[in-house]
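The values are calculated or read from the model by the stated rules, or taken from the named source; none is laboratory data. Computed from a predicted model, the values in this text were never measured in an experiment. For neighbour counting, all protein chains shown are included, and Cβ atoms are generated from backbone atoms with ideal geometry for every residue, glycine included. All accessible areas refer to the heavy atoms of the entire protein, side chains included, with ligands and DNA or RNA removed. Shrake-Rupley method; radii C 1.70, N 1.55, O 1.52, S 1.80 Å.
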Amino acid sequence: AQTVTQSQPEMSVQEAETVTLSCTYDTSESDYYLFWYKQPPSRQMILVIRQEAYKQQNATENRFSVNFQKAAKSFSLKISDSQLGDAAMYFCAYRTTLGWKLTFGTGTRLTIIP
Amino acid sequence: AAGVIQSPRHLIKEKRETATLKCYPIPRHDTVYWYQQGPGQDPQFLISFYEKMQSDKGSIPDRFSAQQFSDYHSELNMSSLELGDSALYFCASSLGLRGTDTQYFGPGTRLTVL
């Protein structure tokens with residue numbers, strides 16, 4: 001079974017600084033998808049970024065980028081120029097290309113310090 | 001852009017009662033997913049439907065049932081409610097065979113069982 005591990009229950013960063021959230025996963029599959037979702041206090045689940053395992057290039061969405069290390073099964077999220085609105089719980093998620101469900105990590109609560 | 005709609009947003013029930021949660025996917029999306037998120041937990045996959053057929057099943061109790069209708073909306077029926085069923089229930093939708101596209105989440109239904 002696939003598992004997703006987020007070893008940082010909480011992180012904090014000064015506003016305008018850069019922070020990196022860690023995620024590792026365990027799978028025997030060679031092709032899959034990885035995601036970062038953000039859950040602010042409203043509890044809405046918002047897609048931040050997506051990475052296909054067959055793509056070597058790291059995904060980027062504005063201030064959000066990932067460092068995807070397939071051999072190490074690592075998928076970290078870097079947030080640049082942190083803003084107060086980035087404060088949220090961040091979940092790393094995995095899905096196989098042949099499957100339907102998302103498997104989530106336990107989340108990292110990010111606090112932005114003004 | 002249109003998003004996933006869930007109703008009701010909040011629901012309070014007594015133990016042993018029945019509840020029905022509804023989900024309206026993003027227009028043209030043909031796949032819906034249900035997730036349960038307990039307090040302080042990550043979302044757990046319950047069940048999914050592709051083109052009105054069950055496509056995958058997770059840790060969904062036998063007391064729960066779900067279906068997808070001809071207009072692609074879905075309903076999650078929960079019977080003999082227990083205190084432990086209190087949670088945030090998300091519906092997500094995607095487009096494509098094998099759910100190859102990204103899952104977009106609705107705002108969730110908060111169920112409280114007293």
> Which residues, taken from the stretch A:103-114, are facing another protein chain (nearest Cβ under 9 Å) and surrounded by fewer than 21 Cβ atoms within 10 Å (Cβ to Cβ)?
Replying inline: A:THR106
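Select the strands (runs of 3 or more DSSP E) contained entirely in the stretch A:1-106, then report the ones holding at least 3 residues which are within 17 Å of B:PHE90 (Cβ to Cβ).
Working: elements: A:3-5, A:10-14, A:19-21, A:24-26, A:32-39, A:46-52, A:64-69, A:74-79, A:88-96.
Because the criterion is at least 3 residues that are within 17 Å of B:PHE90 (Cβ to Cβ), the strands (runs of 3 or more DSSP E) in the stretch A:1-106 that meet it are A:32-39, A:46-52, A:88-96.
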> Which of the residues spanning the stretch B:63-114 are open to solvent by 60 Å² or more (accessible area, probe 1.4 Å), within 14 Å of chain A (Cβ to nearest Cβ) and part of a strand (DSSP E or B)?
Replying inline: B:TYR104, B:ARG110
> Within the stretch A:1-37, how many residues turn out to be under 28 Å from B:ASP101 (Cα atoms) and of a type in the set (D, E, K, R)?
Replying inline: 3
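Anything in the stretch B:13-36 that is over 11 Å from the mean Cα position of the chain (by Cα) and at negative phi? List them, or say none. Quick ask: steps written out before the conclusion?
In the first step, residues of the stretch B:13-36 are kept if they are over 11 Å from the mean Cα position of the chain (by Cα); the result is B:13-19, B:26-31.
Correct list: B:LYS13, B:GLU14, B:LYS15, B:GLU17, B:THR18, B:ALA19, B:ILE26, B:PRO27, B:HIS29, B:ASP30, B:THR31.
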>> Give me the residue from the stretch B:31-62 that is surrounded by 13 or more Cβ atoms within 10 Å (Cβ to Cβ) and more than 14 Å from every other protein chain (Cβ to nearest Cβ) and, out of that set, nearest to B:GLY3 (Cα to Cα).
In response: B:LYS52
> Which one of these does B:ARG16 not meet: (1) open to solvent by 30 Å² or more (accessible area, probe 1.4 Å); (2) closer than 18 Å to A:LEU47 by Cα?
Replying inline: (2)
> From the set of residues in the stretch A:77-102 that are closer than 20 Å to A:PRO9 by Cβ and open to solvent by 20 Å² or more (accessible area, probe 1.4 Å), which is farthest from the other protein chains (Cβ to nearest Cβ)?
Replying inline: A:LYS78
> Within the stretch A:13-39, can you find the residues that are more than 15 Å from A:LEU77 (Cβ to Cβ), open to solvent by 30 Å² or more (accessible area, probe 1.4 Å) and touching a residue at least 12 places away in the same chain (Cβ under 8 Å)?
Replying inline: A:GLN14, A:GLU15, A:ALA16, A:ASP26, A:GLU29, A:SER30, A:ASP31
